[in-house]
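Report on the structure given below.
No value in this document is a laboratory result; all are computed from the given coordinates. Keep in mind it's a predicted model, so treat the numbers as computed, not measured. Here the Cβ is made from the backbone with ideal geometry for all residues, glycine too, and neighbour counts use every protein chain on show.
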Amino acid sequence: MPELRQDPVVGRWVIVASERTRCPTDFADHHNHVPEPRINPFSEGNEGLTPPEIFAVRAPGSKPNERGWKVRVIPNKFPVLRIEGNLDKEGDGMYDRMNGIGAHEVVIETPQHDQQLEEQPLEGVASVVEAYRVRIADLLKDTRFRYVLVFKNFGRDAGAALSHPHSQIIATPVTPKVMKEKLAGAQHYYEQKERNIFADILKQELRDSRRIVYQNAGFVCFCPYASRFPFELCIMPRRQLADFYRIESNEVLQLADILKIVLLKLHRGLNQPQYNYLIHTAPSRYAKKGYWTTLEQDFRWHIEITPRLTQIAGFEVGTGFYVNPVLPEDAALFLKDVEV
């Protein structure tokens, strides 16, 4: 059973998941390419090599755990948190710990092992977005979970263990420190100015326009003013909404459009760089009374995309500063001009 241990100085939780030493990539030599397994468990026809599916987008008449799927969600075979059991929070001397209860799922984005997300037709990308929406909504019904993160690792340096196009979903029993800082900052801004900070950021970016990469009726993609990494991107909805899972059907298609376009721009403009993307959505407000009560007013869900073009080193680790060698305005202009 994994466990969570809290750093008493900064309040950060660490997952100690010793069982994951069985994961194929743990402690392996570092190289950029993602190793190909002898038999790809994510390919169509190999459904029996994975845990039973939790959710799937399928052709009419096809059966669960058989051929005929377009998107398939399964439990991770090497989870960092396990869904079975109780939290059993307790003190360990001056420290705090709890059982590593949560959920860890894999979203297999396509049956085709060599078709990256941005290379799929719009309907395929929309099916992946819909799988995210459905799974977040379902996981947040479990009152043990406080937060659900959707993320994609593309490339070995970005954390991918298999090259077959996939992303992951992890539900945690605590709100992560990074997310708490975002929530607290948004709440403080709203208390001071009675305005939503994300709405103000979006207005500023649209007014300035120099950092805009692409936009459609529902979303805007821009390079953040204080980008930490070269060609870092943020996708922000125009509509005020704290919870990703509450997006509407037209927004699913609009999000699929902007995600496909900006990933294609990265692919063609920067020779398919390794990257991570994260969906930052609101935490659960149902597991604990009075928990983040102002989110509807002060927080807006959004997506961060961080290409892995540089590495963080001792200065960044020791200070929390980031050194970005590319002006966000230059990065946005470059990507905006990439034809897709």
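Which of Leu335, Ser249, Asn271 sits closest to the plus end of the dipole of the chain, meaning its Cα is farthest towards the positive end, when Lys and Arg get +1 and Asp and Glu get -1 on the C-beta?
Ser249
Where does the charge balance sit around Pro176 when Lys and Arg score +1, Asp and Glu -1, over other residues with C-beta under 12 Å from its C-beta?
+4
Would you grab the residues whose amide H sits under 5 Å from the one on Tyr214? Only those 5+ places off in sequence or on another chain, please, with H modelled 1.01 Å from N.
Amide H neighbours of Tyr214: Cys221.
Under a point-charge model restricted to the Cβ atoms of Lys and Arg (+1) and Asp and Glu (-1), what is the dipole moment magnitude of the stretch 3-336 relative to its Cα centre, in debye to the nearest 20?
460 debye
At 0.36 nm per residue, minus the direct Cα-Cα distance, what do Ser18 and Leu327 gain on full extension? Give it in nm, one decimal, please.
Once the chain is fully extended between Ser18 and Leu327, it gains 107.2 nm.
Among 155-165, 247-257, what's the highest-first ranking by average C-beta atoms within 10 angstrom per residue?
Sorting 155-165, 247-257 by mean packing, highest first, produces 155-165, 247-257.
State, as an integer percentage, the relative contact order of the chain based on alpha-carbon contacts under 8 Å between residues 6 or more apart.
With pairs under 8 Å counted, the relative contact order is 17 percent.
Using the Karplus curve 6.51 cos²θ - 1.76 cosθ + 1.60 with θ = phi - 60°, what ³J(HN,Hα) values do you get for each residue of the stretch 200-215, in whole Hz, with x for Gly and Pro?
Computed from phi, the couplings for the stretch 200-215 are 5, 4, 5, 4, 4, 5, 5, 5, 6, 6, 5, 9, 6, 9, 6, 8 Hz.
Past the 30 Å Cα-Cα mark, which pairs from Lys203/Lys265; Lys203/Lys336; Lys89/Lys180; Lys182/Lys265; Lys63/Lys177; Lys177/Lys336?
Exceeds cut-off: Lys63/Lys177; Lys177/Lys336.
Got a sec to turn the phi values of the stretch 144-150 into Karplus ³J(HN,Hα) couplings, 6.51 cos²θ - 1.76 cosθ + 1.60 with θ = phi - 60°, whole Hz, x for Gly and Pro?
Calculated HN-Hα couplings, in order: 6, 9, 9, 8, 10, 10, 9 Hz.
Can you pull out the trypsin sites (Lys or Arg not before Pro) in the stretch 251-317 whose DSSP state is coil and whose Cβ has at most 10 other Cβ atoms within 10 Å?
Sparse-neighbourhood loop trypsin sites (Lys or Arg not before Pro): Lys289.
So which residue, out of Gln311, Gln116, Gln272, gets the largest mean-square fluctuation from a GNM of the chain using Cα contacts under 10 Å as springs?
Largest GNM mean-square fluctuation: Gln311.
Over the chain, what number does the Rg to Rh ratio reach, with both radii from the alpha-carbon atoms and Rh per Kirkwood?
In the chain, Rg relative to Rh is 0.95.
Charges at C-beta only: +1 for Lys and Arg, -1 for Asp and Glu. How large is the resulting dipole of the stretch 252-340 about its Cα centre, in Debye rounded to 20?
The dipole magnitude comes to about 420 debye.
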